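Asker: Structure below; questions to follow.
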Amino acid sequence: MSNKVRKAGFEALKKHKKRLAGTSMRELFTHDEDRFSSYSASFGDILLDYSKNRIDSQSMAALFDLARETDVEARRHQMWAGDPINITENRSVLHMALRYGGDEAVMVEGADVMPAVRDVLARIKGFSNDVRDGAVRGALGDQFTDVVNIGIGGSDLGPAMVTLALEPYTRANLRAHYVSNVDGAHMHDTLKGLDPARTLFIVASKTFTTDETMTNAHTARKWLADALGEQAVNDHFAAVSTNIEGCQAFSIREDRIFGFWDWVGGRYSVWSAIGLPVAIAVGYDNFEAFLRGAYEMDQHFLTAPLEENLPVIMGLLGVWYRNAWGFATHAVLPYDQRLSRFPAYLQQQDMESNGKSMTLNGKAVPWETGPVIWGEPGTNGQHAFYQLIHQGTSVIPCDFLVAANPQEDLPPHHAKLVANCLAQSEALMLGKTEDEVINELKGTGLSKDQIKALTPHKVFPGNRPSNTIMYSRLDPATLGKLVALYEHKVFVQGTIWNVNSYDQWGVELGKQLAKALLPKVEGAETAESHDSSTRGLLDHFRALKG
Ligand code: F6P
């Protein structure tokens, strides 16, 4: 579809924005008793309440039109058919194959990828069971108690987020740790207190060339060899990568190398062997349930009509706020402590995917693309940054996530958590009017003048949009559904914005410059060729360095 169609679609959205700008959500709720049922949708146990958005039936119709005109329906099938929709790398985008539970072939370049997918899953099952049962042990015969995953970006954020989310399914005597940062403090602090004889390392890197990961892997290897001898390394390392030769060059033994494929993007790889530490930590059956949940969400995304399709609705609302209202950020606020790393995970999933400014044709994108994604769990965020969401000058659309059932029996915690979650979206929508503030202050003994002075500070503008995503319990299948929901949301937005959501060239320049700067930081080369700021910082660094 041409840019012309998109521009016309965004213009239509702006007209609806203009029409709706003078009507508050408070009014929309007052005039429509059924607003909740009109603007909520569900799949399985997941409910999406999107009624607290600045929308009406006409603006939603315009959004669904835009999705149809930009071929969202056809493109989702192209992705599933294995078309190389990652055009700058000429790759298919088939993370859905990794969790596919059906019997059909899934084709990439004329070959069915499912036998290889199932083979790796069977190997993950075997190895994770063996580690958990103690059939696979360290070089001295000890059972593993600690698994250290060494990876960064998609080779870290996904499994780290999932392991934390599924903590109730982990065992106290088998801990998973995640080391990502090249800052030696990360490795140092993780290894502190670990017993080398009981520690298993997994080097996770799609490319097996990422500098942070290789540096950390070498440090871990030295730590292990210093403690147990070089011959022990073999028994304490596994690797996950598409670069099998790279793993072999690191001397990882053949039966400990778990492959995946270039049609899996790093930020979409938690479903692949990158999930190995998750399978070890929570058990293969739970890992499989996580995949099954995602598969179910895939089927929903591929088949449900747009108007009932959760990822489509969420994607469209994001487009609405980005392109018609100009809102630049989007907050993800899980009222679920175990989803603490979900916003960070989504930052990569969303911002590395849609943080683009070229169309698929290589022309500058003439509209806004991906927003800044950020967030922290509630209720903590309420006591930190919610002030700005309620009364700041920027409007920040929010996603609230909350489970109906906690994993632990600790009343009254969960009831309080849910009450806070519902209160926040209600407060954001309703706000507090001047009259309400004055009435409230009247009984407090303040003078008229004091009330007059205080009132403007206590008024909440309200009309601040949010979605609430409610699910039964944060179990493996539901988590799989939630992650896939956001993946497909990103796809919908990338399709509408006409960008390639599956490359990430923007991270390369910094990598190149870091390589060039290393000898200057180490003092092996002079820094004349650099700008005066970089030179000045290097000089200062040398002066401060002990
Ligand atoms: O530099 C960005 C990136 O390529 C991400 O896309 C990726 O998830 C991460 O680095 C790690 O890459 P790898 O798994 O190849 O080590």
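Asker: Name the one entry in E308, E296, E254 that is more than 26 Å from the chain's Cα centre (by Cα), surrounded by fewer than 23 Cβ atoms within 10 Å (Cβ to Cβ) and among the acidic types (D, E). Write out each step before concluding.
Answerer: Values: E308 fails: more than 26 Å from the chain's Cα centre (by Cα); E296 fails: more than 26 Å from the chain's Cα centre (by Cα).
Within the list E308, E296, E254, the selection yields E254.
Asker: Of a type in the set (A, V, I, L, M) and either touching a helix residue (DSSP H, G or I) at 6+ places or on another chain (Cβ under 6 Å) or surrounded by fewer than 13 Cβ atoms within 10 Å (Cβ to Cβ) (or both): does that describe L518?
Answerer: yes
Asker: When the residues of region 449-488 are narrowed to those that are of a type in the set (S, T, N, Q) and surrounded by 15 or more Cβ atoms within 10 Å (Cβ to Cβ), which ends up farthest from M351 (Cα to Cα)? Write out each step before concluding.
Answerer: First, the residues of region 449-488 that are of a type in the set (S, T, N, Q): 450, 455, 463, 466-468, 472, 478.
If we keep only those that are surrounded by 15 or more Cβ atoms within 10 Å (Cβ to Cβ) too, we end up with 455, 463, 466-468, 478.
Details: T455: 39, N463: 26, S466: 20, N467: 19, T468: 21, T478: 23 Å.
This residue is T455.
Asker: Here is a follow-up. Identify the single condition in (1) within 24 Å of E368 (Cα to Cα); (2) in contact with a helix residue (DSSP H, G or I) (Cβ under 9 Å, 6 or more places away or on another chain); (3) of a type in the set (A, V, I, L, M, F, W, C) that L509 does not satisfy, given that it satisfies every other one.
Answerer: Condition not satisfied by L509: (2).
Asker: Could you look through region 138-175, keep only residues that are more than 21 Å from A217 (Cβ to Cβ) and charged (D, E, K, R), and pick out the one that is least open to solvent (accessible area, probe 1.4 Å)?
Answerer: It comes out as D142.
Asker: Quick check, is L121 away from the ligand (no atom under 16 Å from the Cβ) and crowded, with 20+ Cβ neighbours inside 10 Å?
Answerer: Against the criterion (away from the ligand (no atom under 16 Å from the Cβ) and crowded, with 20+ Cβ neighbours inside 10 Å), L121 qualifies.
Asker: Still on this structure, I have one more. Kindly indicate whether V108 is over 25 Å from the mean Cα position of the chain (by Cα), touching a residue at least 24 places away in the same chain (Cβ under 8 Å) and either away from the ligand (no atom under 16 Å from the Cβ) or open to solvent by 30 Å² or more (accessible area, probe 1.4 Å) (or both).
Answerer: Answer is yes for this residue.
Asker: Is it the case that E307 is of a type in the set (D, E), away from the ligand (no atom under 16 Å from the Cβ) and within 20 Å of G102 (Cα to Cα)? Show your work before the answer.
Answerer: On the way: of a type in the set (D, E): yes; away from the ligand (no atom under 16 Å from the Cβ): yes; within 20 Å of G102 (Cα to Cα): no.
In short, no.
Asker: Of these, Q493, Q504, which one is open to solvent by 40 Å² or more (accessible area, probe 1.4 Å), touching a Lys or Arg at 6+ places or on another chain (Cβ under 9 Å) and not β-branched (V, I, T)?
Answerer: Numbers: Q493 fails: open to solvent by 40 Å² or more (accessible area, probe 1.4 Å).
After ruling out the rest, the residue left standing is Q504.
Asker: Related question: So, of the residues in region 173-207 that are polar (S, T, N, Q) and over 21 Å from G134 (Cα atoms), which turns out to be farthest from the ligand (Cβ to nearest atom)?
Answerer: Selected residue: T190.
Asker: Exactly one condition in (1) more than 16 Å from the ligand (Cβ to nearest atom); (2) among the hydrophobic types (A, V, I, L, M, F, W, C); (3) under 25 Å from the mean Cα position of the chain (by Cα) is not met by L228; state its number.
Answerer: Condition not satisfied by L228: (3).
Asker: For region 407-429, indicate whether the set of residues that are under 23 Å from the mean Cα position of the chain (by Cα) and open to solvent by less than 10 Å² (accessible area, probe 1.4 Å) is non-empty.
Answerer: There is at least one residue in region 407-429 that is under 23 Å from the mean Cα position of the chain (by Cα) and open to solvent by less than 10 Å² (accessible area, probe 1.4 Å).
Asker: So T210 passes all but one of these: (1) within 16 Å of the ligand (Cβ to nearest atom); (2) open to solvent by 10 Å² or more (accessible area, probe 1.4 Å); (3) over 23 Å from the mean Cα position of the chain (by Cα); (4) in contact (Cβ under 8 Å) with a residue 24 or more places away in the chain. Which condition number does it fail?
Answerer: All conditions are met except number (3).
Asker: Taking the options G22, G9, G44, name whichever one is more than 29 Å from D298 (Cα to Cα) and modelled with pLDDT of 95 or more.
Answerer: Working: G9 fails: more than 29 Å from D298 (Cα to Cα); G44 fails: more than 29 Å from D298 (Cα to Cα).
Every option except G22 fails the conditions.
The values are calculated or read from the model by the stated rules, or taken from the named source; none is laboratory data. Just so you know, these numbers come straight off a predicted model, no measurement behind them. No Cβ is skipped: glycine too gets one built from the backbone with ideal geometry, and neighbour counts run over all protein chains shown. For the accessible areas, the whole protein counts, side chains as well, though only heavy atoms, and no ligand, DNA or RNA atoms are used. Shrake-Rupley method; radii C 1.70, N 1.55, O 1.52, S 1.80 Å.
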